[in-house]
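Peer 1: Please read through the structure below; I'll follow up with questions.
Every number here is computed from the coordinates shown, using simple stated rules; none is lab data. Every value quoted in this text rests on a predicted model; they were computed, and no experiment measured them. Glycine gets a Cβ as well: all are built from the backbone with ideal geometry, and neighbour counts include every protein chain shown.
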Amino acid sequence: MKHIAIDFGAGSGRVIVGNLHKGEVTLQEVHRFPNRQVLAGGRLYWDFLALFEEMKTGLRKAFRQFDDIASIGIDTWGVDFGLIDKRGRLLGNPVCYRDNRTAGILGKVFQSIPREKLYAVTGTQLMEINTAFQLYSMVLDQDPALEVADKLLFMPDLFNYFLTGRAVNEYTIASTSQLYNPNTKEWEDKVFQSLGIPRKLMQEIVFPGTVIGELSAGIVAEIGGKGVKVVAVGSHDTASAFASIERTSSNQAFISSGTWSLMGIPARQPILTPEAMQNDFTNEGAADGHIQFLRNITGLWLLQNLMKEWEEEGRKRSYDELLDEATKSTWTTTIDVDAPCFNHPENMGDAIRQYCKEKGLPVPVTQAEFARCVVLSLASKYAEVKTALETCSRQHIDTIHIVGGGAQNRLLNRLTEELTGAKVVCGAVEATAIGNIKVQAASMNQLKH
């Protein structure tokens with residue numbers, strides 16, 4: 001019995017077939033495709049239809065190659081969504097969280113619902129990109145889409161809907177929205193009322209391991225897969241990544257390291273203290289139905305953008321070569337990787353130079369200095385967040401388990417160990433796919449959930 005993990009990232013998507021044998025997951029990638037943000041009419045979109053077509057291509061390949069596929073699970077990034085009308089049709093492409101429609105919106109939000117109250121009922125890190133604030137920007141703009149919309153589906157829910165015909169909101173992705181109450185495990189009416197967001201848009205919340213349905217007759221006629229079930233996994237990719245980690249210590253923190261770095265600890269109950277709010281922690285849903293108490297940190301985004309710019313300038317360097325040079329560099333100055341100026345600059349190199357000049361810091365010149373600056377700054381941020389985690393949770397952290405693509409960054413791992421004083425353990429690069437597969441297997445009693 002095999003399972004398909006479909007993992008949509010901000011830069012690419014993959015269709016992966018997984019097999020569970022004696023508790024170990026083996027993976028085979030059958031299709032990979034780009035995921036690009038599209039700027040049109042001054043708005044930044046995701047090309048959902050292209051992504052859906054690529055997903056079908058990958059599924060078709062998987063069904064031709066394997067005849068014992070039991071289920072499919074989909075995970076994506078958080079907060080973004082699509083709207084569906086009463087006829088079941090998509091109302092335009094989903095807007096990307098990096099679009100500027102929510103720039104500066106928090107001040108307006110706090111006029112309607114105080115910051116402290118909002119955090120107390122949602123436990124979500126207050127970021128402009130969150131679903132609630134995207135919707136509030138539509139309310140303020142009197143966007144007609146809200147009037148004709150019948151359903152709001154987060155990105156993984158949207159893919160599941162067009163595969164099965166069933167509309168649900170999965171728990172882990174719902175928890176990224178600032179619309180969900182982690183104590184009641186229901187939608188938080190105070191947020192909808194305060195911001196004028198239509199409550200009717202939200203769907204039934206289902207938990208990881210729930211079978212949403214089988215592939216629809218139309219999908220089966222097009223690509224095959226009769227009788228294959230679609231399972232709600234930890235559909236926020238962070239939840240799936242953390243689900244791959246075997247917990248060996250109660251003093252262990254986790255980092256899912258990629259474009260974003262998500263750093264946190266597992267928790268039985270949400271932590272909603274003023275300390276947690278002040279330190280920008282979020283209480284996200286975990287694949288086991290509990291809580292991931294974590295902070296969203298800008299991860300390797302800065303370095304990825306620098307490398308892209310250097311390639312466009314004809315100064316391309318391999319990742320390993322760049323890290324080797326950065327390791328030898330004597331650069332010691334750090335920047336705040338979470339500074340708003342690094343969110344979506346026209347040129348990352350220029351943004352870093354300008355930041356350093358404004359702060360009175362030395363300005364990096366060589367590629368090695370830029371790389372060392374970014375990696376050192378990220379490790380420094382990890383140390384800062386570790387201290388805050390210990391303060392808010394009242395527990396000591398002696399081990400940090402890093403999964404995802406960033407686990408391959410030897411310099412980052414070494415600097416993290418040095419600056420945090422914790423032992424760094426590197427896990428699977430394919431952690432998200434492994435966690436996705438494990439939840440599917442558990443839903444079919446192949447594995448204890």
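Peer 1: Suppose each label sits 7 Å from its Cα in the direction of the beta carbon; what would the Arg64-Thr248 distance come out to in nanometres?
Peer 2: Rounded to a tenth, the inter-label distance reads 4.2 nm.
Peer 1: What does the charge count around Arg268 come to, taking other residues whose C-beta lies under 15 Å from its C-beta (Lys +1, Arg +1, Asp -1, Glu -1)? All intermediate terms of the calculation are to be shown ahead of the outcome.
Peer 2: Details: positive: Lys185, Arg247, Arg394; negative: Glu284, Asp288.
Surrounding charge for Arg268 is +1.
Peer 1: Right, something else. List the residues whose amide H sits under 5 Å from the amide H of Leu272, counting only those 5 or more places along or on another chain, with H placed 1.01 Å from N in the peptide plane.
Peer 2: none
Peer 1: Would you work out which of Leu153, Val231, Thr172 lies farthest towards the positive end of the dipole of the chain? Charges go on Cβ: Lys and Arg +1, Asp and Glu -1.
Peer 2: Positive-most Cα among the choices belongs to Val231.
Peer 1: For Ser71, what residues show an amide H to amide H distance below 5 Å, using hydrogens built from the backbone and excluding near sequence neighbours?
Peer 2: Ile4, Lys229
Peer 1: Which one, Phe52, Ala217, Leu39, projects farthest toward the positive side of the charge dipole computed for the chain from Cβ point charges (K/R +1, D/E -1)?
Peer 2: Farthest towards the positive end: Ala217.
Peer 1: Another question, if that's okay. Place a +1 charge on the Cβ of each Lys and Arg in the range 25-127 and a -1 charge on the Cβ of each Asp and Glu, then give the dipole magnitude about the Cα centre in debye, rounded to the nearest 20.
Peer 2: With Lys and Arg at +1 and Asp and Glu at -1, about 420 debye.
Peer 1: Length gain on complete extension for the stretch Asp336 to Glu312, per 0.36 nm per residue less the alpha carbon to alpha carbon distance?
Peer 2: Value of the extension gain: 6.1 nm.
Peer 1: For the chain, treating each Cα as an identical point scatterer without solvent, what Debye log10 I(q)/I(0) comes out at q = 0.08, 0.14 1/Å?
Peer 2: Listed by q, the Debye log ratios stand at -0.44, -1.44.
Peer 1: Once you charge only the Cβ atoms, +1 for Lys and Arg and -1 for Asp and Glu, what is the size of the charge dipole of the range 345-449 about its Cα centre, to the nearest 20 debye? Walk me through the numbers on the way to the answer.
Peer 2: Working: 12 positive and 10 negative charges, 45 e Å.
It comes to approximately 220 debye.
Peer 1: Next up: Report for the range 245-427 the percent antiparallel among DSSP-assigned beta bridges with both residues inside it, nearest 5. Please report the intermediate quantities before stating the final value.
Peer 2: Details: 16 of 25 bridges.
Of the beta bridges lying entirely in the range 245-427, close to 65 percent run antiparallel.
Peer 1: By how many nm would the segment from Thr387 to Asp324 grow when fully extended, if each residue of separation counts as 0.36 nm and the alpha-carbon distance is taken off?
Peer 2: Roughly 19.8 nm would be gained on extension.
Peer 1: Here's something else I'd like to know. Could you pull out every one of the aspartates and glutamates with an alpha carbon less than 19 Å from that of Lys56, ignoring same-chain neighbours closer than 8 positions?
Peer 2: The qualifying aspartates and glutamates are Asp7, Glu29, Asp47, Asp67, Asp68, Asp75, Asp157, Glu214, Glu222.
Peer 1: In addition: How large is ³J(HN,Hα), in whole Hz, for each residue of the range 327-333 in order, when computed from phi with the Karplus curve 6.51 cos²θ - 1.76 cosθ + 1.60 and θ = phi - 60°, using x for Gly and Pro?
Peer 2: Running phi through 6.51 cos²θ - 1.76 cosθ + 1.60 with θ = phi - 60° gives 4, 7, 5, 9, 4, 10, 7 Hz.
Peer 1: Another one. Give a residue-ordered list of calculated ³J(HN,Hα) values for the range 138-150 (Karplus: 6.51 cos²θ - 1.76 cosθ + 1.60, θ = phi - 60°; whole Hz; x for Gly, Pro).
Peer 2: 5, 4, 5, 7, 6, 5, x, 4, 5, 6, 9, 6, 10
Peer 1: Decide, for the range 303-346, between rounded, prolate and oblate: order the square roots of the alpha carbon gyration tensor eigenvalues as a ≥ b ≥ c, take rounded if a/c falls under 1.5, and otherwise choose prolate if a/b is larger than b/c, else oblate.
Peer 2: oblate
Peer 1: Mean residue ellipticity at 222 nm from the helices of the chain, using -39,500 (n - 2.57) per DSSP H segment of n ≥ 4 over the full residue count, to the nearest 500 deg cm²/dmol? List each step's numbers first, then the result.
Peer 2: Numbers: 17 runs with 172 residues, N = 449.
Only helices count here, giving -11500 deg cm²/dmol.
Peer 1: Under a Cβ-Cβ cut-off of 15 Å, what is the net charge of the residues other than Ala253 that fall near it, where Lys and Arg count +1 and Asp and Glu count -1?
Peer 2: Charge balance in the 15 Å sphere: 0.
Peer 1: Under a Cβ-only charge scheme (Lys and Arg +1, Asp and Glu -1), can you give me the dipole magnitude of the chain about the Cα centre, in debye to the nearest 20? Intermediate values should be presented prior to the final figure.
Peer 2: On the way: 46 positive and 52 negative charges, 114 e Å.
So the magnitude is around 540 debye.
Peer 1: Let me ask another. With Cβ to Cβ distances under 13 Å as the rule, what net charge do the other residues near Lys423 carry (K, R +1; D, E -1)?
Peer 2: Its environment carries a net charge of -1.
Peer 1: Give, in nm to one decimal, the length gained when the segment between Arg43 and Arg87 is fully stretched (0.36 nm per residue of separation minus the Cα-Cα distance).
Peer 2: Details: separation 44, 0.36 × 44 = 15.84 nm, distance 2.55 nm.
Extra length available between Arg43 and Arg87 comes to 13.3 nm.
Peer 1: Follow-up question, since we're still on this one. So what are the ³J(HN,Hα) numbers for the range 294-309, from phi and the Karplus equation (6.51, -1.76, 1.60; θ = phi - 60°), rounded to whole Hz, Gly and Pro as x?
Peer 2: Karplus-based 3J(HN,Hα) across the range 294-309 equals 8, 10, 7, 10, 4, x, 7, 3, 5, 5, 4, 5, 4, 5, 5, 5 Hz.
Peer 1: Further question on the same structure: Where both residues lie in the chain, what percent of DSSP beta bridges are antiparallel, nearest 5?
Peer 2: 70
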